[in-house]
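Worksheet for the structure shown next.
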Amino acid sequence: MVQCRICGGPVEEFIDFGRQPVSDSLVTPEAAGSEFFFRLAAGVCTECTMVQLIEEVPREKMFHEDYPYRSAGSVVMREHFEKYSNQLLGSELTGDAPFVVEIGSNDGTMLKTIGRAGVRHLGVDPSAQVAEFAKEQGVRVRTDFFQEASAREIAEADGPADVIFSANTVSHIAYIGSVFRGVDALLGPDGIFVIEDRYLGSIIAQNAFDQIYDEHFYLFSVTSVQAMARRYGFELADVQPLSVHGGSMRYTIARPGRRTVSAAVTEHVEHEREAGLARTETYHRFAEHARDSCRDLVRLLTELREQGRSVVGYGATAKSATVLNHCGIGPDLVPFICDNTPAKHGRLAPGAHIPVRPSEEFSRPYPDYALLLAWNHAEEIMAKEREFRAAGGKWILYVPDVHLV
Ligand code: SAH
Ligand code: TMP
Ligand code: ZN
């Protein structure tokens, strides 16, 4: 049995998606077939409850020069980060010469607001292209992996930090002990380490099985993050549910005894116990639902093809790699995927080899059906593309189950 990467306890495997390519490695047509594959399977630690992948993909295969994801692709996410930056500017960052570090600063969407307010900051991100983009926006970036060694250097040069912020990144880092040791070296005595991530409770409740992919090495819950914080000498002081990405959670972590622990922490731990997040049966049931969704989706797409209906994919998300590859959905069922990320255009979805085209092509002409692979941005996308439904088009969703909108 695999050992938990955090507490060393036994990890019980509950889902196996088989051979999967690196999810964000959209390939050029010439490079199709050269993708790096691994076994995508997840399990739950029966001691600390942390949900984690069974196999780790080497980090250089995921985060590099060519990493295409950009936070700014969603207006909702831009506004979300702007709002939290302003909140921090008015609360944690009002002292003398405050300093903020962001782990996984990507294209600078979060730090832009902080930099414009004249507050000292540093983004850390290993993916060179997105880091360059952030620098062009006036954001200070160290193109590097955040880990103990880099954090010590930052502490030496610029520290201590009042806030270390990280959205949708800490869960991507299998070697999380090194991150916490780095935070310990860099964070001031009263500083906070704030993590935002997809919330396991929402993933289970919505049967969002495609949130399992290479980059999401861990799926966090309040219970597992509390145990993790303790293990590395910190305390989970507050949690706040967020609506972004189909249900997320903001975890505020501090040094023990420095902040009052809010009632929300205990309430969520209790909720999670009631929701069965500590029981392995919950995960086995989730895996069964995932199999049902995949079967129903393939059945629907096959029927539509037989009826001569046109189908287009919407959003060449990393999570779509799990669905497309596991269900064996290729260009015969979904001829192309629309996406607003320039770096993805002209490429093929990894493994499935479905071409990715600019969003403008969605309406030339509208298809009969659109498979919403970016379902976590459903509200934003459906509002933007309202003409599609007005013209008689239908969205296909597979979360929480296969249905048409
Ligand atoms: N924070 C942004 C981006 C999330 S994508 C948002 O929420 O939209 C994840 C980012 O983490 C990528 O840009 C990737 O390059 C970066 N990343 C991966 N491992 C990292 C590490 N060890 N340290 C810092 N950044 C890392
Ligand atoms: P994410 O689910 O990892 O945030 O990825 C969302 C993907 O969907 C990303 O490739 C950008 C794309 N997208 C669009 O094409 N149009 C949109 O309106 C939004 C919000 C996202
Ligand atoms: Zn564990």
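The values are calculated or read from the model by the stated rules, or taken from the named source; none is laboratory data. What you see is a predicted model; the values in this text were computed from it and never measured. FYI the Cβ positions are ideal-geometry reconstructions off the backbone, even for glycines, and counts take in every protein chain you see. Side chains are part of the model used for accessible areas, which takes the heavy atoms of the whole protein and leaves out ligands, DNA and RNA. Shrake-Rupley method; radii C 1.70, N 1.55, O 1.52, S 1.80 Å.
Just need a number here: residues in the range 226-251 that are within 16 Å of ligand 3 (Cβ to nearest atom) and assigned to a strand (DSSP E or B).
Number satisfying all stated conditions: 1.
Of (1) more than 23 Å from ILE173 (Cα to Cα); (2) polar (S, T, N, Q); (3) open to solvent by 20 Å² or more (accessible area, probe 1.4 Å), SER25 satisfies all except one. Which?
(1)
Give the residue that is nearest to LEU301 (Cα to Cα), with candidates limited to residues of the range 362-398 that are loosely packed, with under 14 Cβ neighbours inside 10 Å and among the small types (Gly, Ala, Ser).
My answer is GLY392.
Please specify each residue of the range 226-253 satisfying the condition of being out of contact with any helix residue (DSSP H, G or I) (no Cβ under 9 Å at 6 or more places or on another chain) and open to solvent by less than 70 Å² (accessible area, probe 1.4 Å).
ALA227, THR252
Tell me, please, whether a residue that is touching a Lys or Arg at 6+ places or on another chain (Cβ under 9 Å), under 21 Å from GLU361 (Cα atoms) and open to solvent by less than 10 Å² (accessible area, probe 1.4 Å) can be found in the range 316-324.
Taking every residue of the range 316-324 in turn, at least one turns out to be touching a Lys or Arg at 6+ places or on another chain (Cβ under 9 Å), under 21 Å from GLU361 (Cα atoms) and open to solvent by less than 10 Å² (accessible area, probe 1.4 Å).
If you check THR223, THR266, which single one turns out to be part of a helix (DSSP H, G or I), in contact (Cβ under 8 Å) with a residue 24 or more places away in the chain, open to solvent by 30 Å² or more (accessible area, probe 1.4 Å) and hydroxyl-bearing (Ser, Thr, Tyr)?
THR223
Which condition breaks for LEU301 when tested against (1) more than 30 Å from ASP107 (Cα to Cα); (2) open to solvent by 10 Å² or more (accessible area, probe 1.4 Å)?
(2)
Within the range 331-343, restricting attention to residues that are in contact with a Leu (Cβ under 8 Å, 6 or more places away or on another chain) and open to solvent by less than 10 Å² (accessible area, probe 1.4 Å), which residue is nearest to GLY18 (Cα to Cα)?
Ranking the qualifying residues of the range 331-343, first place goes to VAL334.
Could you check, for the range 361-377, whether at least one of its residues is among the hydroxyl-bearing types (Ser, Thr, Tyr), within 23 Å of the chain's Cα centre (by Cα) and either in a helix (DSSP H, G or I) or not assigned by TED's automatic domain parsing to the domain that holds ALA41 (or both)?
Looking through the range 361-377, none of the residues is among the hydroxyl-bearing types (Ser, Thr, Tyr), within 23 Å of the chain's Cα centre (by Cα) and either in a helix (DSSP H, G or I) or not assigned by TED's automatic domain parsing to the domain that holds ALA41 (or both).
Of everything in the range 193-220 that's small (Gly, Ala, Ser) and assigned to a helix (DSSP H, G or I), which residue is farthest from the chain's Cα centre (by Cα)?
Of everything passing the filter in the range 193-220, ALA205 is farthest from the chain's Cα centre (by Cα).
Working only within the range 359-405, note down all residues that are of a type in the set (Val, Ile, Thr) and in contact with a helix residue (DSSP H, G or I) (Cβ under 6 Å, 6 or more places away or on another chain).
VAL399, VAL402
Return yes or no: is ASP162 open to solvent by 30 Å² or more (accessible area, probe 1.4 Å) and either within 16 Å of ligand 3 (Cβ to nearest atom) or outside the structural domain of ASP339 (by TED's automatic domain parsing) (or both)?
In short, yes.
I need the full set of residues from the range 121-153 which are part of a strand (DSSP E or B), touching a Phe, Trp or Tyr at 6+ places or on another chain (Cβ under 9 Å) and near ligand 1 (Cβ under 10 Å from one of its atoms), in order please.
Matches in the range 121-153: VAL124 only.
Only one of VAL119, VAL124 is in contact with a Lys or Arg (Cβ under 7 Å, 6 or more places away or on another chain), at pLDDT 95 or above and β-branched (Val, Ile, Thr). Can you tell me which?
Every option except VAL124 fails the conditions.
For the range 110-122, state whether one or more residues are within 17 Å of the chain's Cα centre (by Cα) and open to solvent by less than 60 Å² (accessible area, probe 1.4 Å).
Yes; the residues of the range 110-122 include at least one that is within 17 Å of the chain's Cα centre (by Cα) and open to solvent by less than 60 Å² (accessible area, probe 1.4 Å).
List, please: which pairs have Cβ atoms under 7 Å, are six or more places apart or on different chains, and start with a residue in the range 91-108 that is closer than 13 Å to LEU187 by Cβ and end with one that is of a type in the set (Lys, Arg)?
Pairs that qualify, where the first residue is closer than 13 Å to LEU187 by Cβ and the partner is of a type in the set (Lys, Arg), are PRO98/ARG120; PHE99/ARG120.
Do you know which of the residues in the range 49-75 that are open to solvent by 30 Å² or more (accessible area, probe 1.4 Å) and either out of contact with any Ser or Thr (no Cβ under 9 Å at 6 or more places or on another chain) or within 16 Å of ligand 3 (Cβ to nearest atom) (or both) is farthest from PHE145 (Cα to Cα)?
If we take residues in the range 49-75 being open to solvent by 30 Å² or more (accessible area, probe 1.4 Å) and either out of contact with any Ser or Thr (no Cβ under 9 Å at 6 or more places or on another chain) or within 16 Å of ligand 3 (Cβ to nearest atom) (or both), then VAL75 is farthest from PHE145 (Cα to Cα).
Suppose we filter the range 28-66 for residues that are touching a helix residue (DSSP H, G or I) at 6+ places or on another chain (Cβ under 6 Å), closer than 28 Å to PHE133 by Cβ and either in contact (Cβ under 8 Å) with a residue 40 or more places away in the chain or within 16 Å of ligand 2 (Cβ to nearest atom) (or both); how many remain?
1
Just one of VAL141, VAL130, VAL101 is open to solvent by 10 Å² or more (accessible area, probe 1.4 Å) and modelled with pLDDT of 95 or more; which is it?
Of VAL141, VAL130, VAL101, the one residue that is open to solvent by 10 Å² or more (accessible area, probe 1.4 Å) and modelled with pLDDT of 95 or more is VAL141.
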